[in-house]
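K.L.:
Here you go, one structure.
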Amino acid sequence: MTPSLVLAIAGGALIAAGVYMLLERSLMRILLGVMLAGNGVNLLFLVAAGPAGLAPIIGEPRDEIADPLPQAMVLTAIVIALATSAFLLAMSYRSFQLEGHDEVADDVEDSIVRRRAQADLSSEAHVEPTSGGDDDTESGGRLVLDEEGDDEPEPTETAQGEEPGEAEVARRPEVREPGERLGERPGDGQGDR
Amino acid sequence: MDLANLVPVPVLLPLLAAGVTLGLARRPGAQRVVSASTLALNAVLALVLCLAADRMGPIVLWVGSWPDGTGIVLVADRLSALMVLVSSIVTALVVIFPSRRDIADSAEGAPVSVFHPTFLVLTAGVANAFLAGDLFNLFVGFEILLFASYVLIMLGATKERVRAGSTYVVVSVVSSTLFLLAISIVYGATGTVSFAQLPERLAALDPGLQLTIQLLLLVVFGIKAAVFPLQAWLPDSYPTAPASVTAVFAGLLTKVGVFAIIRLQTILFPESPLTDLLLVAAILTMLLGILGALAQGEIKRLLSFTLVSHIGYMLLGVALGTEAGLAGAIFYIVHHILVQTALFIVVGLIERVGGSTSLSRLGGLAAVPLLAALYLVPALNLGGIPPFSGFIGKVALIDGALETGSPLALVAVIAGVATSLLTLIAVIRVWQRAFWQDRAESEERKLSLRVLPRIWVVAASALVGITVSLTVLAGPLTDYAARAAHDIRDGAYHVAVEEAQP
């Protein structure tokens, strides 16, 4: 079997373009990338199918018909790609509805952990052995960090464990935890980059 | 009746019920009854299938009896029948939990009626992936479960969930595209996608091409299974979904990936175990996963990281390429599906009782002894404390690794033991802080299980009870796993498929 070089190159080019688009943050571009790459892969199936032939219908001579199996697979893949595109479109629209753009944002909890590490704080799961009942002042540091929204270590955090008053202020009931779902609160600082 | 006709039932039954529940969209009560009873029936039939596969060897059905092997083949060998059984038990128990409040996540007008149909489709997809007898049907199974999971992970479409879901969807779509690419290469090179015919034809290929195909498929399944370095999407996307959804995802979806890796390594490429590569991946998955877990201050994220970490154990068993390693991995998959699901379900209960899953806001939950017991038992089990099944599974894997005696396997054993200890630290921190520290909040919140529907407590207790019962059933189960591993290496699969061909 001699595979068609043109089809293979076209498939490769489509996949390369698709991968390039996939690396973007905007969901619309990702969608375009997915569609390009998917079509590239479908072309590769046609390469795998071998030379063209008669339509694969019972009654045609067996060795002159085209291989029907890759066609069935490509059809399935096309249907799935259609569903994927529809879903990604809906997702991108919803994202636009909620945040005014369709870019995939960073994870909130992730950035909290990262900032704590940069500020040289202990993990939130960690319990200070000396501080007894007030060990949860760490959350004070966490809230301050999140409200400031920058990467600089806060001076107050060095005092954690020793200033229960500070911690009391920080955990007033109306101050909500950033890890909770703040989905509905406008401007909680995560989406407006 | 021919038992082979039972093979497609775990796929068809939930799909049918999904249609029915969609018709009942306006009657949530009826939806719940239909899906719970369907999944219960499904679990019973899966048990029959599992026992039959154990007694008679692989059960094969060529769907539609097309001549010359052109049709789709479904195969229930010991391994896949066991997987179907465990997954159907898990789904039958978890389907009890979702409530309107959880699913909608405080978004007004969220479409809660889609939960049950989607959940049933997910079950069908998982079963299809387990039973598939060729690469393309495996792909279709993956797509069914992925599409259902896209919907479930974004239920209610709140801001947080759309963000988390976007990552998940994009990563999954990329892995699907890669899978399709791999299938086209396999078909172009060999002219078949059937698991029964592939090993022979793959072995005849150029070694470089063989390795390309194997690595490409490993990447695809590695993304699904969240193996290092392809694991980063998981802790980002799982924790925001409703607790019951996360529970099923954590229990089942990654294990489908591990299952596919087992199929790939044992059936398609039995001569090329890639032991060193996979062992390194397993070691790094274990260690990096658990170190990530230690840094988390939110229980669901912490558990997601332990999930990644423990995938490493299963990969370790597969990487060894020996029968003992494989048997250990199979036992560990069963143990881990049940334990991880139970833990996430219990965290869902903690969230309802304590009002949060953040460690700095929880406290004093020890006032609710039943909840404390429900958390502590699976947590110790995950950490590998004897006599629970986590200990038995880890010992089996470590035994298997020591048998091979290679230096890298020894490193893996050390990493495994360290991971086990670090897991214990992570889950005990949760225990210490959520259950025993003083409650920080000034608001008076009465801690009681009364806020939960009674059936939740019963179902969660049943799930935890099953994880404990694995200790009692460990003997028969390890024997079964050993027989399943022997089957796989013995080529029973190939023979059964050929014999059944119409």
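K.L.:
For segment A:77-120, enumerate the residues that are open to solvent by 30 Å² or more (accessible area, probe 1.4 Å) and within 21 Å of residue B:360 (Cβ to Cβ).
P.N.:
The answer is A:110, A:113, A:114, A:115, A:117, A:118, A:120.
K.L.:
Scan segment B:222-234 and report the pairs whose first residue is surrounded by fewer than 24 Cβ atoms within 10 Å (Cβ to Cβ) and whose second residue is in a loop (DSSP other than H, G, I, E, B), with Cβ atoms within less than 8 Å and a gap of 6+ or a chain change.
P.N.:
B:223/B:230; B:233/B:226
K.L.:
If residue B:140 satisfies all but one of (1) facing chain A (nearest Cβ under 10 Å); (2) out of contact with any Asp or Glu (no Cβ under 8 Å at 6 or more places or on another chain); (3) open to solvent by less than 10 Å² (accessible area, probe 1.4 Å), what's the number of the condition it fails?
P.N.:
(3)
K.L.:
Among the residues of segment B:364-376, write down those that are at negative phi and either open to solvent by less than 40 Å² (accessible area, probe 1.4 Å) or in contact with a Pro (Cβ under 7 Å, 6 or more places away or on another chain) (or both).
P.N.:
Within segment B:364-376, B:365, B:366, B:368, B:371, B:372, B:374, B:375 meet the criteria.
K.L.:
Among the residues of segment B:245-301 satisfying the criterion of being among the small types (Gly, Ala, Ser) and open to solvent by 10 Å² or more (accessible area, probe 1.4 Å), which is nearest to the other protein chains (Cβ to nearest Cβ)?
P.N.:
Within segment B:245-301, the match that is nearest to the other protein chains (Cβ to nearest Cβ) is B:295.
K.L.:
What's the number of the only condition in (1) over 22 Å from residue B:479 (Cβ atoms); (2) more than 22 Å from the chain's Cα centre (by Cα) that residue B:59 fails to meet?
P.N.:
Every listed condition holds for residue B:59 apart from (1).
K.L.:
Looking at (1) closer than 19 Å to residue B:265 by Cα; (2) open to solvent by 10 Å² or more (accessible area, probe 1.4 Å); (3) within 21 Å of the chain's Cα centre (by Cα), which one does residue B:208 not meet, given that it meets all the others?
P.N.:
Single failed check for residue B:208: (3).
K.L.:
In segment B:239-294, what residues are over 27 Å from residue B:491 (Cβ atoms) and outside any helix (DSSP H, G or I)?
P.N.:
Residues satisfying the conditions are B:239, B:240, B:241, B:242.
K.L.:
Please find, among B:385, B:333, B:311, B:337, the residue that is within 18 Å of the chain's Cα centre (by Cα) and surrounded by fewer than 24 Cβ atoms within 10 Å (Cβ to Cβ).
P.N.:
From the options B:385, B:333, B:311, B:337, the qualifying one is B:337.
K.L.:
Of (1) at pLDDT 90 or above; (2) surrounded by fewer than 24 Cβ atoms within 10 Å (Cβ to Cβ), residue B:328 satisfies all except one. Which?
P.N.:
(2)
K.L.:
If you go through segment B:471-495, how many residues are acidic (Asp, Glu) and surrounded by fewer than 16 Cβ atoms within 10 Å (Cβ to Cβ)?
P.N.:
2
K.L.:
Looking at residue B:379, is it in contact with a Phe, Trp or Tyr (Cβ under 7 Å, 6 or more places away or on another chain), outside any loop (DSSP other than H, G, I, E, B) and modelled with pLDDT of 90 or more?
P.N.:
Against the criterion (in contact with a Phe, Trp or Tyr (Cβ under 7 Å, 6 or more places away or on another chain), outside any loop (DSSP other than H, G, I, E, B) and modelled with pLDDT of 90 or more), residue B:379 qualifies.
K.L.:
Can you give me the ranges of the helices (runs of 4 or more DSSP H) entirely in segment B:453-502 with at least 1 residues that are within 22 Å of the chain's Cα centre (by Cα) and at pLDDT 90 or above?
P.N.:
Helices (runs of 4 or more DSSP H) meeting the threshold: B:454-472, B:474-490.
K.L.:
Mind listing just one residue for me: the one in segment B:183-215 that is of a type in the set (Gly, Ala, Ser) and touching a residue at least 40 places away in the same chain (Cβ under 8 Å) and, of those, nearest to the other protein chains (Cβ to nearest Cβ)?
P.N.:
Within segment B:183-215, the match that is nearest to the other protein chains (Cβ to nearest Cβ) is B:194.
Okay, residues lined up against (1) modelled with pLDDT of 80 or more; (2) more than 27 Å from the chain's Cα centre (by Cα); (3) more than 9 Å from chain B (Cβ to nearest Cβ):
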residue: A:52; (1), (2), (3): no, yes, yes
residue: A:65; (1), (2), (3): yes, yes, yes
residue: A:95; (1), (2), (3): yes, no, no
residue: A:100; (1), (2), (3): yes, no, yes
residue: A:109; (1), (2), (3): no, no, no
residue: A:112; (1), (2), (3): no, no, no
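K.L.:
Okay, next question. Looking at segment A:1-26, I want the residues that are of a type in the set (D, E, K, R) and have a partner that is surrounded by 15 or more Cβ atoms within 10 Å (Cβ to Cβ) with Cβ atoms under 7 Å, at least 6 apart or on another chain. Which pairs are those?
P.N.:
Sorted first by the residue in segment A:1-26, then by its partner, the pairs are A:24/A:30; A:25/A:103; A:25/A:104.
K.L.:
Can you find, within segment A:67-89, the residue that is nearest to the other protein chains (Cβ to nearest Cβ) among those that are more than 15 Å from residue A:42 (Cα to Cα) and touching a Leu at 6+ places or on another chain (Cβ under 8 Å)?
P.N.:
Looking at the filtered set, the residue picked out is A:88.
K.L.:
Read through the list (1) part of a helix (DSSP H, G or I); (2) in contact (Cβ under 8 Å) with a residue 12 or more places away in the chain, then give the number of the only condition that residue A:117 fails.
P.N.:
Of everything listed in (1) part of a helix (DSSP H, G or I); (2) in contact (Cβ under 8 Å) with a residue 12 or more places away in the chain, residue A:117 misses just condition (2).
K.L.:
Looking at (1) away from every other protein chain (no Cβ under 13 Å); (2) more than 18 Å from residue B:314 (Cβ to Cβ); (3) β-branched (Val, Ile, Thr), which is the one condition that is false for residue B:223?
P.N.:
All conditions pass for residue B:223, except number (2).
K.L.:
So residue B:326 ticks every box in (1) touching a Leu at 6+ places or on another chain (Cβ under 8 Å); (2) within 14 Å of another protein chain (Cβ to nearest Cβ) but one. Which box is left unticked?
P.N.:
Every condition holds for residue B:326 apart from (2).
K.L.:
Anything in segment B:17-56 that is open to solvent by 70 Å² or more (accessible area, probe 1.4 Å), farther than 13 Å from residue B:84 by Cβ and in contact (Cβ under 8 Å) with a residue 12 or more places away in the chain? List them, or say none.
P.N.:
The answer is B:20, B:22, B:26, B:28, B:32, B:41, B:56.
K.L.:
Count, please, the residues in segment B:155-164 that happen to be outside any helix (DSSP H, G or I) and more than 7 Å from chain A (Cβ to nearest Cβ).
P.N.:
Of the residues in segment B:155-164, 2 are outside any helix (DSSP H, G or I) and more than 7 Å from chain A (Cβ to nearest Cβ).
K.L.:
Can you tell me which of (1) at pLDDT 85 or above; (2) over 29 Å from residue B:198 (Cβ atoms) is the one residue B:29 doesn't meet?
P.N.:
(1)
The values are calculated or read from the model by the stated rules, or taken from the named source; none is laboratory data. None of these values were measured; they are calculated from a predicted model. Methodologically, a virtual Cβ is constructed for each residue, glycine included, from the backbone with ideal geometry; neighbour enumeration extends over all protein chains shown. Accessible surface is based on the protein model in full, side chains and every heavy atom, while ligands, DNA and RNA are left aside. Shrake-Rupley method; radii C 1.70, N 1.55, O 1.52, S 1.80 Å.
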